[in-house]
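Asks: Take this structure, written in structure tokens, and hold onto it; I'll ask about it next.
Every number in this text was worked out from the coordinates using simple rules, so none of it is lab data. All figures in this text were calculated on a predicted structure; none of them were measured in a lab. Glycine gets a Cβ as well: all are built from the backbone with ideal geometry, and neighbour counts include every protein chain shown.
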């Protein structure tokens with residue numbers, strides 16, 4: 001009996017330990033390394049930064065290593081306006097597009113949740129299906145439409161809405177279109193989940209008591225859907241701030257979003273410490289929303305027992 | 001209250017769906033365009049598909065992507081399911097908060113950060129970058145998606161089945177294998193498919209963690225797309241869309257026949 005209990009204990013421990021260790025090694029440790037390299041200096045070497053930590057050097061090596069750390073990369077980030085503008089642009093685009101997503105996604109989710117029961121699974125499927133096709137393909141599809149000799153200009157000139165082809169691509173408008181297009185399911189699905197769970201007798205009660213429809217929406221529907229609003233907002237806002245592919249393919253070259261700046265520092269300038277410092281400060285910027293999101297997930301997945 | 005088929009609801013749903021499907025539909029149609037220009041319709045043609053079959057670089061990239069996706073999705077499904085079980089069935093254990101934090105964070109953390117941090121880890125470990133580093137990176141990202149899907153299934157079903165089995169003396173491992181695993185099987189399958197498609201789709205993390213000789217399909221497509229629209233790319237994309245559509249429809253049919261079988265079984269039990 002005792003051995004069985006022991007074995008069970010070990011089995012249970014393994015269930016926790018295996019994914020725990022995996023995430024520890026491949027998710028948490030890398031962040032510590034990023035933090036460390038953001039405090040290093042660029043060097044013409046392989047790897048292109050110094051100091052390089054050497055386990056063999058022992059305690060003395062560690063002391064020397066710490067002495068060589070510097071905040072130069074962070075000083076550069078705060079002194080050069082390029083980085084600051086980049087952060088501000090990312091936050092601005094993320095904020096505006098999240099609001100737009102909410103404004104577009106809410107009526108869609110509401111329409112889905114109010115549709116007849118038998119229609120709902122196909123509707124959910126219809127919203128999710130494009131999300132299964134490649135993200136890159138969906139952005140690329142928009143290049144076909146938005147480019148100078150693309151379909152949008154073609155249609156608009158034929159309708160005589162514009163005289164000369166307009167430059168839709170390489171603009172903030174194109175970035176917004178790409179973001180709205182790619183992130184819409186992430187906004188609609190949490191909203192739908194919240195609206196669909198809602199008890200409809202509440203709406204009936206409000207109507208019976210003479211409450212006008214808009215007031216019912218404002219006093220009953222909206223407050224009850226707030227968890228969905230929060231989930232959708234966070235699920236969109238956080239990744240959009242660090243978005244790379246959409247601004248890179250659809251956006252212009254004037255002001256880069258922070259994800260592009262990180263990419264350029266890393267791949268073009270090969271400045272690993274600055275790229276790491278951007279990553280660290282971006283993570284710092286997003287820490288509060290990420291923690292909010294974690295709380296929300298914990299409550300919805302673990303609290304419902 | 002009537003289940004509100006108000007015109008506003010219908011219009012917003014229809015417009016929303018049109019917005020979602022129109023660009024993809026246009027892309028698919030133009031992959032069959034005989035003309036090289038997007039604005040000129042030159043008649044139906046399979047020319048770009050033929051050209052594609054001759055393009056060894058794209059075919060090789062597709063093969064690498066496919067292998068990465070199968071391997072990482074399978075590893076992620078095992079790890080993600082274990083993580084979900086750990087979070088729902090193991091009660092409190094030391095470091096639980098950190099664990100759940102590590103499971104949920106990758107879902108929202110921008111990919112550039114995850115990619116950069118994993119690359120720096122591989123450099124610090126002095127690992128050869130290429131096929132396997134992409135597999136590890138994708139496993140790490142997608143296991144969290146699997147964990148969330150399986151977890152939502154684990155919390156929603158009736159625990160009394162498991163408890164009944166254990167009360168009757170069924171050992172926990174056997175209970176898990178014969179009862180729990182069967183009940184969460186649809187979620188595990190859905191998790192695998194999501195992990196597979198996320199891996200097949202990923203550009204950013206693969207770009208950071210790749211090495212010589214391991215160019216995945218998205219990396220290849222990205223480098224072509226940066227140079228402008230090409231009909232061959234439309235053809236690649238159409239094939240990928242077709243695979244996804246067939247896969248999704250097949251999966252939903254399998255799920256449907258699964259529930260039908262379960263309903264029949266329940267009916268049989270009543271009779």
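Asks: With only alpha-carbon pairs counted, each pair once and no self-pairs, how large is the Kirkwood hydrodynamic radius of the range A:180-296 in angstroms?
Replies: So the Kirkwood estimate lands at 17.1 Å.
Asks: Taking the simple approach of a point 7 Å from Cα along Cα-to-Cβ for both residue B:18 and residue A:91, what is their distance in nm?
Replies: That separation, rounded to one decimal, is 3.8 nm.
Asks: For chain B, set up a GNM with springs between Cα atoms under 10 Å and report which of B:124, B:61, B:83 has the largest fluctuation.
Replies: B:124
Asks: Grab the DSSP H runs of chain A that are 4 residues or longer, score each as -39,500 (n - 2.57), total them, divide by all residues and round the 222 nm result to the nearest 500 deg cm²/dmol.
Replies: Rounded to the nearest 500, it is -23000 deg cm²/dmol.
Asks: As a test of understanding, state the convex hull volume per residue of the range B:52-270 from its alpha carbons, in Å³.
Replies: Enclosed volume per residue, from the Cα hull, is 149 Å³.
Asks: Let me have the relative contact order for chain A, percent, based on Cα pairs under 8 Å that are six or more residues apart.
Replies: 25
Asks: Apply the Debye scattering formula to chain A, with a single equal point scatterer on each alpha-carbon and no solvent, then give log10 I(q)/I(0) at q = 0.10 Å⁻¹.
Replies: Debye intensities relative to I(0), on a log10 scale: -0.81.
Asks: Looking only at A:150, A:210, A:242, which one moves most when chain A is put into a Gaussian network model with springs between Cα atoms under 10 Å?
Replies: A:210
Asks: Oh, and also: So if I take the centroid of the Cα atoms in the range B:48-74 and the same for the range A:121-174, what is the distance between those two points in Å?
Replies: Centre-to-centre (Cα) distance: 26 Å.
Asks: Using alpha carbons only, how many angstrom separate the centre of the range B:160-188 from the centre of the range B:96-155?
Replies: Using only Cα atoms to place each centre, the spacing works out to 29 Å.
Asks: Kindly express, to the nearest 10 degrees and within the range 0 to 90, the angle between helix B:111-124's C-alpha long axis and the longest C-alpha principal axis of chain B.
Replies: It is inclined by approximately 80 degrees.
Asks: Still on this structure, please answer the following. What residue among B:237, B:170, B:144 shows peak mean-square fluctuation when chain B is described by a Gaussian network model with Cα springs under 10 Å?
Replies: B:170
Asks: How far is the Cα center of the range A:191-225 from the Cα center of the range A:242-295, in Å?
Replies: So the separation of the two Cα centres works out to 40 Å.
Asks: Determine, for each peptide in B:161-168, B:136-143, the mean count of other beta carbons within 10 angstrom over its residues, then list the peptides with the highest first.
Replies: Highest to lowest by the protection proxy: B:136-143, B:161-168.
Asks: Among rounded, prolate and oblate, which fits the protein assembly as shown when a ≥ b ≥ c are the square roots of the eigenvalues of its C-alpha gyration tensor, a/c under 1.5 means rounded, and a/b larger than b/c means prolate?
Replies: In terms of gyration-tensor shape, rounded.
Asks: Taking the Cβ-Cβ separation of residue A:126 and residue A:71 as r and a Förster radius of 60 Å, what is the calculated FRET efficiency to the nearest 0.05?
Replies: 0.70
Asks: Multiplying the sequence separation of residue B:60 and residue B:223 by 0.36 nm and subtracting their Cα-Cα distance, what value in nm do you get?
Replies: 57.2 nm
Asks: As a test of the formula, what do you get for chain B when each DSSP H run with n ≥ 4 contributes -39,500 (n - 2.57) and the sum is divided by the residue count, at 222 nm and rounded to the nearest 500 deg cm²/dmol?
Replies: For chain B, the value works out to -25500 deg cm²/dmol.
Asks: Another question, then. Taking Cα atoms, how many degrees apart are the long axis of helix B:231-270 and the longest axis of chain B, rounded to 10 and kept between 0 and 90?
Replies: Tilt relative to chain B: about 20 degrees.
Asks: 7 Å from Cα along Cα→Cβ at both residue B:246 and residue A:254: what's the point-to-point distance in nm?
Replies: 4.7
Asks: Moving on. I'd like the orientation of helix B:96-108 relative to chain B: the angle between its Cα long axis and the longest Cα principal axis, in ° from 0 to 90, rounded to 10.
Replies: 20
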